[in-house]
Amino acid sequence: EEEALIQSEKLSVVGQMAAGIAHEIRNPLTSLIGFSKFLKTRINSYHDYFDIMLVELDRINAIVQEFMALAKPQANQFRRHDLIKTIQSVLTLLETQAIMNNVQLSASYDAEAAELLCEENQLKQVFVNVLKNAIEAMPQGGTVAIRLTSAGSRDIAVSIEDQGVGIPEEQLPLLGGPFFTTKDGGTGLGLMICYRIIEGHRGKIDIASAHGKGTTVTISLPKNE
Ligand code: ADP
Ligand code: MG
């Protein structure tokens with residue numbers, strides 16, 4: 001009981017810090033972008049270097065904005081969104097973490113767009129949590145395959161398949177329960193949050209796993225057309 005309380009406090013402090021740091025980075029970043037653009041117009045050489053700086057600064061800006069959006073608590077606002085764009089922005093956010101862990105994120109989509117009514121920031125959080133688990137399950141690296149299928153179905157399905165350690169069968173019923181974790185320093189809250197958010201979207205989550213071989217998490221969401 002007490003342990004649970006400590007863990008949830010730790011999570012909220014970390015969340016607040018992430019949002020705070022993102023916020024603090026934004027102002028100096030805006031001035032760096034502005035002055036780089038200005039200098040590029042005033043200096044007649046080194047334009048290639050300025051261009052590289054601006055592309056990289058834009059990347060930092062995108063990541064900071066993603067973090068601020070994730071941490072921002074807000075009332076449920078369901079809007080139409082393209083789930084492919086949502087997944088792509090989450091993949092951008094996790095790219096660095098994947099590279100550092102020798103993991104390749106490989107996405108495929110069976111359509112040009114996959115629109116649905118949703119709370120986009122919540123769905124981003126779901127994909128971040130599931131993808132992080134996939135990366136963490138592969139300490140030696142490997143591939144995570146993300147597949148979106150929506151053609152000819154009432155649901156949009158997103159499956160996330162890793163080649164990681166897998167989950168022992170007896171632990172499958174425990175997944176999504178609060179504070180169930182097998183990791184040092186894990187919170188055991190990630191999947192619980194995923195289940196809650198997907199329930200709120202009238203979807204479902206299926207987890208299939210072969211111990212030692214890998215895990216596939218499939219998220220189905222109604223298209224509400
Ligand atoms: P945490 O990641 O903090 O441990 P989660 O709720 O995200 O909490 O996950 C709970 C547990 O489920 C993990 O500790 C792990 O044992 C198991 N798990 C989840 N996803 C995977 C996966 N892709 N491969 C192996 N085990 C997983
Ligand atoms: Mg997790």
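The numbers here are math on the coordinates, done by the rules we state, and not lab data. Fair warning: this is a prediction, and the values are worked out from it, not measured in the lab. Every residue, glycine among them, receives a Cβ derived from its backbone with ideal geometry; neighbour counts consider all protein chains shown.
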Can you list the trypsin sites (Lys or Arg not before Pro) in the range 72-155 that are in a DSSP coil and have 10 or fewer other beta carbons within 10 angstrom? Arg154
DSSP beta bridge pairing in the chain, given as percent antiparallel to the nearest 5: 75 percent
Comparing Met17, Met138, Met100, which has the greatest mean-square fluctuation in the GNM of the chain with Cα pairs linked when under 10 Å apart? Met100
Run through the range 90-133 and list the GluC sites (Glu not before Pro) located in a DSSP loop whose Cβ has at most 12 other Cβ atoms within 10 Å. Glu112
Share of Cα-Cα pairs in the chain beyond 32 Å, in percent? 26 percent
By counting other Cβ atoms within 10 Å of each Cβ, how are Phe127, Phe35, Phe78 ranked from fewest to most? Phe35, Phe78, Phe127
For the chain, what is the mean residue ellipticity at 222 nm derived from helices alone (per DSSP H run of n ≥ 4: -39500 (n - 2.57); sum divided by total residues; nearest 500 deg cm²/dmol)? -17500 deg cm²/dmol
What are the ³J(HN,Hα) couplings of the range 189-200, residue after residue, when phi is run through the Karplus curve with 6.51, -1.76, 1.60 and θ = phi - 60°? Round to Hz, x for glycine and proline. 10, x, 5, 4, 4, 4, 4, 5, 5, 5, 4, x
